[in-house]
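One structure is given here, and the rest of the page talks about it.
The values are calculated or read from the model by the stated rules, or taken from the named source; none is laboratory data. Computed from a predicted model, the values in this text were never measured in an experiment. So basically every Cβ, Gly included, is an ideal-geometry build from the backbone, and we count neighbours across all protein chains shown.
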Amino acid sequence: MLAVPALGLIAAAFPRRILAAQAAVQTFNGPMADADAVYKPVTLAPQPNAKPSMTDAQRDDLEHQIHCQCGCNLDVYTCRTTDFACSVSPAMHSDVMGLVDGGHGAQEILAAFKAVYGEKVLMAPVRSGFNLVGYTMPFIALGAGAIGIAALLRRWKSRSRQETLVAHSHVDATEGELAALDAAVRKDG
């Protein structure tokens with residue numbers, strides 16, 4: 001008999017946890033911008049005899065490359081499928097679908113979004129110009145660090161060899177010279 005009320009309490013508490021988790025997701029993403037304030041339509045004239053240029057999966061992959069402009073720092077696909085309070089990502093998704101239905105390829109669609117919103121609409125910067133510094137600098141820093149560490153290790157290794165050579169140097173002396181040296185040391189001490 002006691003198990004039934006306990007299940008009722010658990011079931012009653014569960015929806016509250018879901019609502020709390022949803023609220024946490026929405027506050028994590030930050031304040032949502034109104035679509036009227038940040039959304040700009042992205043359109044291109046359809047290709048002649050236009051057919052959809054990609055599958056739904058390819059379109060979703062493309063949306064992972066486009067940054068939602070609502071202020072959430074997510075791509076369009078992730079924002080529209082996880083944050084249902086956002087009104088910007090569905091509008092941007094609608095533009096992508098229209099461009100895909102118009103027969104435009106992925107690069108054309110990305111270029112159209114970049115022309116309307118600027119480079120900030122891309123999830124990753126274009127690999128050209130000054131942006132190449134951002135792509136190459138980590139590898140340059142790792143290489144320079146590896147060269148520095150290798151030089152330091154060689155220096156330490158050569159220093160230890162020199163100390164070993166000094167400690168084990170061979171003295172080329174006769175028995176008489178060694179006896180005279182030993183006597184001189186004892187006389188001074």
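Key figures for this structure:
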quantity	calculated
Condition met for ILE109 (surrounded by 10 or more Cβ atoms within 10 Å (Cβ to Cβ), touching a helix residue (DSSP H, G or I) at 6+ places or on another chain (Cβ under 7 Å) and of a type outside the set (Phe, Trp, Tyr))	yes
Residue tally, condition among the β-branched types (Val, Ile, Thr) and out of contact with any helix residue (DSSP H, G or I) (no Cβ under 8 Å at 6 or more places or on another chain), over the range 35-78	2
Subset of the range 81-114 (residues that are over 30 Å from PRO48 (Cβ atoms) and either part of a helix (DSSP H, G or I) or aliphatic (A, V, I, L, M) (or both))	THR81, THR82, ALA85, VAL88, SER89
Residue within the range 83-90 that is in the same structural domain as ASP36 (by TED's automatic domain parsing), in contact with a helix residue (DSSP H, G or I) (Cβ under 7 Å, 6 or more places away or on another chain) and aliphatic (A, V, I, L, M) present	yes
Given (1) at pLDDT 50 or above; (2) farther than 25 Å from PRO125 by Cα; (3) surrounded by 16 or more Cβ atoms within 10 Å (Cβ to Cβ), number of the condition GLN47 does not satisfy	(3)
